[in-house]
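Asker: Following this message is one structure expressed as structure tokens.
The values are calculated or read from the model by the stated rules, or taken from the named source; none is laboratory data. Here the structure is a predicted model, which is why all the values come from computation and not from measurement. Because the Cβ atoms are built from the backbone with ideal geometry, glycine has one as well, and the counts that use them run over all protein chains shown.
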Ligand SMILES: Cc1ncc(COP(=O)(O)O)c(C=O)c1O
């Protein structure tokens, strides 16, 4: 992957001036390449990584396994795209194994998610089974540990 | 009884130790440590933690009961992995049974190498500025250290002209360290070629400390031990401290022809017995997927290097572009301060720690060593504080 993308994936707030120094480019060149990535849709957005467990908010997340019968044309794409359009659905992946689609769905409480599953998801043509797991705690998210670990202190000067 | 109260009739400390000064780094360390909230660019080790799979392997080994001695030479499995690794990476062919010795860091490897080779009075040539232990280790082995200065304008590469000036009938050993601590300098193929020829024509043994070999930027490292007819006169030293971020494990190795390994072994078996078994187990794991572990760290360091190089040059400091290790060695002499004064004032006024170049030998005077193996957040802050400081000095 391009180093520029690696830097932004690590810290989307990194300034073009600093990125220019790190990659030995001009600031204008960095801005131009970021714009290109945005226009090509390679960069699709910038979001903060939030540890929601620390917030007192009413929210539950469910991880849902979905079995789907593929269609003659388009395979799983049509069903996956229909599911993706619900705003409750945060992520949708096609996976190998015992089931086909893996969803991350949020709601304000269990009932809301249950209603979504029985009322919306299960009724979609082609969906023939679901298994819902409620998420209890997040340890690591997008490569970031969610609990601050005690740092082992290093010496300040070594040879 | 307090030893300070001892009234002895003679100086009990061995004579050859008395002339060896305390490490300049240790002095500076004490000042830095007494100060809160310092951003340190003074660290000669990676800010990465050891890769998790390596740490896990040593925990597993501990649980399994790996708590004893190993053979003096080190675990056979580890020696085999090392022989494979140095062949694959540097094109060096060593027999894992007779030509590889596991040491307690490159530090011990250096000590064994000089002790195995030096007769009293033999001269050891090494380029300077250099790692702090070289001169003292030679003195402890009753040899005579002969530093050969290197210069910013030569990119801190050793030059034939300066080396030739120092050679005498007592010169026995040439000690090399590229990629270099503290300058970040590396050697080109041409340098390696003439140095090999020079060593052969002057019948010098070569000790090469290649602890930063994996950390090069834009250039591939070439070991002098891989040059024609050099293997028999070279002790190749390497270890896990830097590229694998394993400084605390204290584990390294020496590769050399069997007679030399046997000689080093004699000292090692009585003074050290063996390297710690848990560290040896960890090293076996470290060699399972080194390209992946090191690749990520190297690409981080490279970005940090570019960042610090541009930042220091923007401040108007003269700076050699470092192609290896994780240090940069800017010239600060034109601020009118000595390197120690510069480091102390930067510390007091802006709370940024760098190491005075003079800690690495007199040819380091006028320079400071900045390590960029630190987090980008800290590096950015350190650079903006340093820029303020330089501006104030110049106004
Ligand atoms: C050039 C050089 N050699 C040797 C060492 C010591 O390494 P080890 O941790 O393997 O003893 C260092 C550590 O800073 C170094 O920079």
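Asker: For residue B:206, all conditions in the list (1) within 24 Å of residue B:369 (Cβ to Cβ); (2) more than 14 Å from every other protein chain (Cβ to nearest Cβ); (3) in contact (Cβ under 8 Å) with a residue 24 or more places away in the chain; (4) within 16 Å of the ligand (Cβ to nearest atom) hold save one; what is the number of the exception?
Answerer: The single condition residue B:206 does not satisfy is (1).
Asker: Can you spot a residue in segment B:183-203 that is assigned to a strand (DSSP E or B) and modelled with pLDDT of 95 or more?
Answerer: no
Asker: Considering only residues that are assigned to a loop (DSSP other than H, G, I, E, B) and loosely packed, with under 10 Cβ neighbours inside 10 Å, which ones fall in segment B:7-20?
Answerer: Once the filter is applied, which keeps residues that are assigned to a loop (DSSP other than H, G, I, E, B) and loosely packed, with under 10 Cβ neighbours inside 10 Å, segment B:7-20 yields B:7, B:8, B:9, B:10, B:11, B:12, B:13, B:14, B:19.
Asker: With respect to the numbered conditions (1) assigned to a loop (DSSP other than H, G, I, E, B); (2) away from chain B (no Cβ under 14 Å), which one is the sole condition not fulfilled by residue A:14?
Answerer: Residue A:14 satisfies all of (1) assigned to a loop (DSSP other than H, G, I, E, B); (2) away from chain B (no Cβ under 14 Å) except (2).
Asker: While we're here: What are the residues in segment B:101-125 that are within 11 Å of the ligand (Cβ to nearest atom) and either buried (at least 24 other Cβ atoms within 10 Å of the Cβ) or more than 14 Å from chain A (Cβ to nearest Cβ) (or both), if any?
Answerer: Those that are within 11 Å of the ligand (Cβ to nearest atom) and either buried (at least 24 other Cβ atoms within 10 Å of the Cβ) or more than 14 Å from chain A (Cβ to nearest Cβ) (or both): B:103, B:104, B:106, B:108, B:109, B:110, B:111.
Asker: Right, something else. Considering segment B:32-55 alone, what residues qualify as being more than 16 Å from the ligand (Cβ to nearest atom), more than 8 Å from every other protein chain (Cβ to nearest Cβ), in contact (Cβ under 8 Å) with a residue 12 or more places away in the chain and more than 19 Å from residue B:384 (Cα to Cα)?
Answerer: Result: B:35, B:51, B:53, B:55.
Asker: Would you call residue A:113 in contact with a helix residue (DSSP H, G or I) (Cβ under 9 Å, 6 or more places away or on another chain), surrounded by 11 or more Cβ atoms within 10 Å (Cβ to Cβ) and in contact (Cβ under 8 Å) with a residue 12 or more places away in the chain?
Answerer: No, not satisfied.
Asker: Is one or more of the residues making up segment B:144-153 buried (at least 20 other Cβ atoms within 10 Å of the Cβ), in contact with a helix residue (DSSP H, G or I) (Cβ under 7 Å, 6 or more places away or on another chain) and within 14 Å of chain A (Cβ to nearest Cβ)?
Answerer: no
Asker: Moving on to the next point. Tell me which residues, restricted to segment B:365-382, are more than 13 Å from chain A (Cβ to nearest Cβ) and surrounded by 24 or more Cβ atoms within 10 Å (Cβ to Cβ).
Answerer: If the condition is that a residue be more than 13 Å from chain A (Cβ to nearest Cβ) and surrounded by 24 or more Cβ atoms within 10 Å (Cβ to Cβ), then B:367 is the only one that fits.
Asker: Given A:21, A:9, A:32, which one is over 16 Å from the mean Cα position of the chain (by Cα), within 14 Å of chain B (Cβ to nearest Cβ) and either surrounded by 11 or more Cβ atoms within 10 Å (Cβ to Cβ) or not in a helix (DSSP H, G or I) (or both)?
Answerer: On inspection, the qualifying residue turns out to be A:21.
This table checks each residue for (1) within 14 Å of chain A (Cβ to nearest Cβ); (2) over 21 Å from residue B:73 (Cα atoms); (3) away from the ligand (no atom under 16 Å from the Cβ).
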| residue | (1), (2), (3) |
| --- | --- |
| B:218 | yes, yes, yes |
| B:222 | no, yes, yes |
| B:231 | no, no, yes |
| B:237 | no, no, no |
| B:240 | no, no, no |
| B:250 | yes, no, no |
| B:259 | no, no, yes |
| B:262 | no, no, yes |
